[in-house]
1. Please indicate, with yes or no, whether at least one residue in segment 112-122 is free of Cβ contacts under 8 Å to residues at least 60 places away in the same chain and not hydrophobic (A, V, I, L, M, F, W, C).
2. Give 285, 340, 290 a once-over and let me know the one that is acidic (Asp, Glu) and more than 20 Å from residue 115 (Cα to Cα).
3. Take residue 388 and tell me if it is assigned by TED's automatic domain parsing to the domain that holds residue 265, part of a helix (DSSP H, G or I), within 30 Å of residue 299 (Cβ to Cβ) and in contact with a helix residue (DSSP H, G or I) (Cβ under 9 Å, 6 or more places away or on another chain).
4. In the set 352, 347, 383, which member is crowded, with 18+ Cβ neighbours inside 10 Å, of a type outside the set (D, E, K, R) and either under 15 Å from residue 279 (Cβ atoms) or under 28 Å from the mean Cα position of the chain (by Cα) (or both)?
5. Identify, please: which residue in segment 396-418 is among the charged types (D, E, K, R) and surrounded by fewer than 14 Cβ atoms within 10 Å (Cβ to Cβ) and is, among those, nearest to residue 263 (Cα to Cα)?
6. Would you mention how many residues in segment 79-117 are modelled with pLDDT under 85 and surrounded by 13 or more Cβ atoms within 10 Å (Cβ to Cβ)?
7. Restricting attention to segment 419-455, report how many residues are closer than 27 Å to residue 256 by Cβ and either at pLDDT 80 or above or among the hydroxyl-bearing types (Ser, Thr, Tyr) (or both).
Amino acid sequence: MACSGSRAVRFQSDMELPQSKAASATESTSSSSRSWKHGKAQHQQQHDPRKWRQPGTGTIKDRVLSRAFSEELESLMNAGNHLFFDPRGQLIHLWSKIFLAACLVSLFVDPLFLYLTGIRQNMCIEFKYSLALTLSMIRSILDVFYVVHILFRFRTAFIAPSSRVFGRGELVIQPCKIARRYLTRSFWFDLITALPLPQFVIWIVTPSLNESATGNRKNILRFSIIFQYLPRLFQIFPLSRQIVMATGVMTETAWAGAAYNLVLYMLASHVLGALWYLFSVQRQETCWREACHVRGPPCQTHFFDCKTVSSNRTIWNELSNIANLCTPSNGFYPFGIYAEALDSRLTSSSFTQKYFYCFWWGLKNLSCLGQNLSTSLFIGEITFAIVIGVLGLVLFGLLIGNMQSYLQATMVRLEEWRTKRTDMERWMNHRQIPQPLKQCVRRFHQYKWVATRGVDEEALLEDLPMDIRREIKRHLCLDLVRRVRARLTHRHWARPARAARVHGPR
């Protein structure tokens, strides 16, 4: 596959900067060999830090970008009819954060599809089409973000792996190579996450099924939701890693990191509560089918679908004793951890009641690591309880760890100041410093804490480059220089006027 007109842009490495500066200095020296005096003045002018910034050169950000990229990078990224994005640029970084937020919202929306099935009082399972329409509209809006993400990936350049040995590497902006690399790596995974599977199953697949397949409609919908939920869940991890690689941290503040882990903890509670409700409906339907086989021929399994309307079902509903058999207190069928949902009639409640009760159930059992769960002998139910315990242990540990990091980050400077003050008090007592001098030292430490809040400004400035440090000092001292200049000007004009008032006209 040939790529016509393809080019690659090489980043300028930080290791190559001293060499380029030395080469430019050598060229300037050789070109000024005609006049030693003129060459010396020109060399000093080029290396004078006070004249490094020429008028009209732009901001510090523009100068940093000019060091990192070559002169033709910006023109090549927008050359022709193709628009490409720098993988380490601000636009891709902003889109990664927006897409991560959309992914988290999508992970909260998808489990709501599990609440579409409910149970009526006449022992049949109904489908909430009004709720399905609302969720389908919200899900379609979120699917647009996944499609846009795929388009961004086709227009995002990449750094050639073979050029990362020295420097920052070559930025490949060839359309065919970008597409080939994306198609052979994560395109199909992103395509699966972008497909509108729940909408397709609800509005196209389910209505086309015949009456004999009504029992499989719910299973098809549940499988499609769970099948696509796992890829969408796994997609946030490489996306988070991409943000960390671009900025060095996932969140710029400790409280944001703690909030992010709290959102994941709430998401796990939300998902576990939705799965618990789904399994409760399935367990009640399974009990009905077991009782139907026990009762004999008058009972038919398609009677449990609320769409089935016939005289036989009406007669069966009036004479049936299944409602009394399929209760947790009867002992006919082991409900295990799902008995709570049946005792509280959760499966026949409104959507709001279902959601909040299931969310509370998931949060409660996730926090206590599933210790209050009394399971039956079903392998699937035991596995679900094990997942709750392990997931609660991991997420609770991450949440507590990030909360502790946040509290330490907010209190670390105050604790350092208290430690220094305690050490100073011990030293002054050991050296028998006079009391007035102690008060002076205490007032100085108190004033320094109020003024700087424990931040060492000199150490912060020493870590910055010379040009940025000079700009910061210029910004901090500019107002002081203006006030001194204004005061000198005022004195210059006030002195003759004062002399004229004292001595009078001559």
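1. Initial filter on segment 112-122 (free of Cβ contacts under 8 Å to residues at least 60 places away in the same chain): none.
No.
2. Just a single option satisfies the conditions, and that option is 290.
3. Details: assigned by TED's automatic domain parsing to the domain that holds residue 265: yes; part of a helix (DSSP H, G or I): yes; within 30 Å of residue 299 (Cβ to Cβ): no; in contact with a helix residue (DSSP H, G or I) (Cβ under 9 Å, 6 or more places away or on another chain): yes.
No: the conditions fail for residue 388.
4. Answer to the check: 347.
5. The qualifying residue nearest to residue 263 (Cα to Cα) is 415.
6. Looking only at that region, the number is 10.
7. Qualifying residue count, segment 419-455: 1.
Yes or no, residue by residue, for (1) touching a strand residue (DSSP E or B) at 6+ places or on another chain (Cβ under 7 Å); (2) free of Cβ contacts under 8 Å to residues at least 40 places away in the same chain; (3) over 17 Å from residue 281 (Cα atoms); (4) in a loop (DSSP other than H, G, I, E, B):
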residue	(1), (2), (3), (4)
315	no, yes, yes, no
341	no, no, no, no
363	no, no, yes, no
366	no, no, yes, no
372	no, yes, yes, yes
395	no, no, yes, no
403	no, no, yes, no
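The values are calculated or read from the model by the stated rules, or taken from the named source; none is laboratory data. These numbers were taken from a predicted model, which means no experiment stands behind them. Cβ sites come from the backbone with ideal geometry, for glycine too, and all protein chains shown count toward neighbours.
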